[in-house]
1. For segment 118-238, give the magnitude of the charge dipole about the Cα centre (Cβ charges: +1 Lys/Arg, -1 Asp/Glu; no others), in debye to the nearest 20.
2. With each label point set 7 Å from Cα along the Cα-Cβ vector, what nm distance links D477 and K311?
3. Return the tail of the calculated pair distribution for segment 61-166, meaning the percent of Cα-Cα pairs more than 17 Å apart.
4. Taking all pairs of distinct Cα atoms, average 1/r, flip it, and tell me the Kirkwood hydrodynamic radius of segment 82-124 in Å to one decimal place.
5. If you roll a 1.4 angstrom probe over the protein chains with everything in place, what fraction of the accessible area of segment 152-235 belongs to carbon and sulfur, to the nearest %?
6. What percentages make up the Cα-Cα pair-distance distribution of segment 350-456 when the bins are 5 Å wide from 0?
7. Taking a threshold of 29 Å on the Cα-Cα distance, which of the pairs K153/K311; K311/K388; K86/K208; K124/K181; K91/K124; K174/K403 fall above it?
8. Using just the Cα positions, wrap segment 405-445 in a convex hull and report its mean projected area in square nanometres, one decimal place.
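The values are calculated or read from the model by the stated rules, or taken from the named source; none is laboratory data. These numbers come from a predicted model, not from an experiment. Cβ coordinates were reconstructed from backbone atoms using ideal geometry, including for glycine residues, and neighbour counts include every protein chain displayed. SASA here: full protein model, heavy atoms, side chains in, ligands and nucleic acids out. Shrake-Rupley method; radii C 1.70, N 1.55, O 1.52, S 1.80 Å.
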Amino acid sequence: RCEARVSRRPPPHGVGDSPCHNSAERGRVPRFGGGAWAASDAQTRVFAMFWSLHGGTSTIDTLLASEDGFTLEQLLEEDDLLQECKSQNDKLLDFIVESDNMSKLIDYIIDMPSETDSEARRFKFPYVASEVLCCDLQSIRDVMFSQAQLMEKVLSILQQDPPLAPVLVGYMSKVVVALFKGSPEAFCAFFNSVWAESSPEAPLALPKIMDRLMLHLGSDAVLQMLLVLCVGEPVMAEPGVAQQLQPPEVSWLPHATLVPALFDHLASPDPEAALNASALFNMVLEASPTLPACFCEPEPEARQRCGDLVKACFSSSCAGAVAGPPGLNLPALDVLVRLLARCRELCSTTSCAAHLLHSISESIDSFFVALATPAQLPDRIRRFLPEKDALSMPRPQAMIRCKLLALFEEVLRRDDRESLEALCQLGFFHLTLDILLLPHHCNALHMRTAAIMDVVLSDRGAGHGDAGTEAAPGPRDSLLYALLVEAQMPQRLMECASASASMPVRPSGHAYVMVLIRALVETTAREPGVAAVLRGVEGWQEFVGPEGMLAAWEGIQSTPLGGKLPHRASDLEEDSDGEDYETSRELERALQLQAATRAEQAENLADNAHRNDNRDTDGNGPYLEHFAQLLSQRNYVNDMGNDLDEALQESGAEDGGGSQWDASFDDDEFEMDESPVQMAAHEADAAPAAPLSDLLKADILEDAGRAPEASLIAGFAHFSVAPETASSPATDGGWDAFAADFPPAAAPVAPPESGEMDLLGLHGEAGSDFGPFA
C-alpha cells in the first residue's frame, strides 16, 4: 500500500519517468555510522517513504520544476522543505548541497540579522536553515567533511567576542552535535586530519579551537556541545534511578588537552565560565575509568598541579564571583572533592591523593574558617542593592557548608596524621555537633554531619588509603577521644533527644540524633575504649536500656504503618488510583460470615430432613439441580439486596432467550398448560447447565438426598428476610402445581409483604399463571 501511494505521486522533474523508479531512488537513507547499526535496503526504503507519504503534489516539486528558476530563500519559505529533505528528494538535495547554498545556510545560523531585515530573515530562515543542516543526510555530511571551509565557517561564530547571541550559538551547537551523532568516526577523522596537516595558527587548529571554546565556556550551548562530543549523554533511566553516562566511542577533543584547559579556567573571572568548567571537569572525572594523567605524572608536575588546585579554592580573582566566604572558590572546591572521591573509588595507587592531602593539610585552618564564615552575596544580586542593605541581607550557607563538610569527610577517610591532628586541635567536632543540633531545617546538613561522625565510629574509620591499608591506632584513637570526650558527643545527643521528646513537633534532626546513639551502642561492642568512656557518662545506661528512650524510639520505628494492605501487586509500585479495594482482613471477615451462614443452613436442612426422612423423593432431581443453580448465582454475604428473579431476567436477556433456565414459554418446545414438574422434566433432558458452584451444590445435594423438598423449603426460608407466617401463598394454577409436590408438613412460605425481599423469586405476582417462572 505504501508503494502504491508513492507511485501515485508524479516524479520530480528530471528524475526518471517511472514513479516506482523515482520512489526507489528517493528511498536511499544513509547508513548510520559509529558502529551502532546500519539500515538494510528494505528499512532504508521504508524510512524514506515515511516522509514522502502525503497527499497531493508537493509545492517543493512544483518549485523545483519551475522554468523561471528559484532561490534558496523561496525554498526556506516552504513548509514542506524539511519533509522533502528527509524523504530524499534528489533534485532538492542536489541543489542544497551546492557549495554556495551550503554557505548561505551557514550564514543564516552564525550572522546576527539587522533590524532592517525582513521578519523571515530574522526568525524563520535561521531556524529552518539549522534544521536542514541537522537532517540525518549523508549527502550533507559528505559536503561538510569534504570542504574544510564550510566547517570552519560553522565554528567561526566562536571568533566573535563574548557574550555570544544565545540563539545563534545554540543553532551552531545543534548543527555540530548532529554532524557528530550522524557519524562520530567520520567527524573525528576529519578534525584529526585537519589538526595533523594545519599549522598552529590555522582557524581549525586544535590550540585555536581550544582557546575559543574556553573563551565562550560561560555559554550553556557550548557546555552542552562539549558534554556530548567529549563526555557522552546520560542514558535514559527509570524515574528514581540515577542516570549513568554513556561515554562516546570517540572523543572530539583529547582529554589530555581538555582537562588542563578546564583546570586553568576554574579561577576564571567570569562566574558562569568557572561553574561550567567545574561541571565539565567533574563529568570527565565521572566518565573516565582512570584519573587524569596531568594529576598523576610526571611526578613534579602532578605535585605542582595538585597544589595549584588547592590554592585555586582560595583564589582572589573570583572572590566576588561566587556566593562563598571571602576568597572561597566553590567551583574549584567541587573539583577538589570529586577528585579525592575518585581516588578512593578507583583505589588508585598513584600519588595524586597524597599530594592533595598534603596541600590540604597546609591550608586546613583556612577551610575550617570558611566553614564558620558567613557567605557573600553573589554579584548578580549585590549589584542591585545598596551597600547597607547588602550587608544586612540573609546569606544562605547550607550549600557552602555541605561542600566543605564533604571535603572534611574525605580527609577523615584517609590516614593523614597531620590533617587529622589539625582537625582535632581546631575543635572540628564541636562545630560539627553544633551544625547538627542547632535548630535549622536543612536535611542535607544533617546528613553530612551524621556521615562525618559515622566515618569516625565505623570500622573503616580514617584508614582507607590508596592502597587499602588499615589505619594506624594513633590517629583513630585521637579522633574518638576528640569526638566522645572533648566534644562530649554522648551527653549532647542525650540532651537533645530528651528535649525533643517533650516538644509537640520534634526537630528535623531528631532522627539523625537517635541513629547516632544507636551507632554508639554498636561501637561499644567492638571498641573497648569507647565502652569504657560511655560507662562513665551519667544516664547513658538508662537511656540505652530496655526501658530507655532509645528502645522506645526504635519500637515506634519498627511498628508497621497503618492503612489498608495492597490488594494488587501493582499497588506496591505506585500510588493507589483512588478506588477502594478489599483488604485481607475484610475478606477474611466476609469468608467467616459466609461459612457461618452455610453452617446454619446445613443445620436447618438436617433438622428438616430428619422430620421428613420417609418422604418419597422420586422425580425431584430437576428441582434440586434448578435450585442449586439459583444458589450458585448468588453471594449471600456480600449482596443481600438484589432480587433473584431480576437476575434471572437479566441473564435471560444476555443469553438471548437461549438459556436452559429461560422462563419464557413462548417456544414451541413447551405447552402452556404444563406444570412446573413437567417443565423441569423437559429441562432435565436438555443440555447441562453452566458450571455450578462446587461448594454450594455439594451442600445442597448432600442434605437434599434425605428430604429434598423440606430441606430446600427450610433453606430458602432461612435466606428470606420475610418472617414465616401461617398465611397461604397465592393459589393460581402454577403455584398449585408447584406446591402439590411438597409435603403438608413443610412450613408454607408466605408471600412477601410490600418492601420485603424475595431472594429466590418464589412469590409471583398476583394473577400470574406460573408464579416464579413467569
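1. For this selection, approximately 340 debye.
2. A separation of 3.9 nm, rounded to one decimal place.
3. 55 percent
4. Kirkwood hydrodynamic radius for segment 82-124: 11.9 Å.
5. On segment 152-235, the fraction of accessible area on carbon and sulfur atoms equals 59 percent.
6. 2, 11, 20, 20, 16, 13, 9, 6, 3, 1, 0
7. From the list (K153/K311; K311/K388; K86/K208; K124/K181; K91/K124; K174/K403), the Cα-Cα distance tops 29 Å for K153/K311; K311/K388; K86/K208; K174/K403.
8. Values: hull surface 12.3 nm².
Value for segment 405-445: 3.1 nm².
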